[in-house]
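Let me begin by presenting the structure, written as structure tokens, before commenting on it.
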Amino acid sequence: MSDVSGAKSNQDVHVAEKCGHPGCDAWGIFGKERGRGITEWRCWEHLAADYWEGREKPPAR
Ligand SMILES: [Zn+2]
């Protein structure tokens, strides 16, 4: 874990979103497009079941 940096945080192009699952306060690091410009953000634990549809899963380690 070395992604913590205090440098130039005001130049981030991506605004962090929280997980959309009710009661979950984790970061929604997986965005699933739901149409009309709406993106459903979910954390790994609450990842939508259809998230991987239409895209390749990352290789398992
Ligand atoms: Zn969550």
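The values are calculated or read from the model by the stated rules, or taken from the named source; none is laboratory data. What you see is a predicted model; the values in this text were computed from it and never measured. We work out accessible area using only protein heavy atoms, side chains counted, and drop any ligands, DNA or RNA first. Shrake-Rupley method; radii C 1.70, N 1.55, O 1.52, S 1.80 Å.
Can you give me the long-range amide H partners of I29? Hydrogens built in the peptide plane at 1.01 Å from N, cutoff under 5 Å, separation of 5 or more residues or another chain.
Here R42, C43, W44 satisfy the definition.
Starting from the residue with the highest accessible area, list E56, E17 in decreasing order, probe 1.4 Å.
Values: E56 165, E17 75 Å².
Largest accessible area first, the list is E56, E17.
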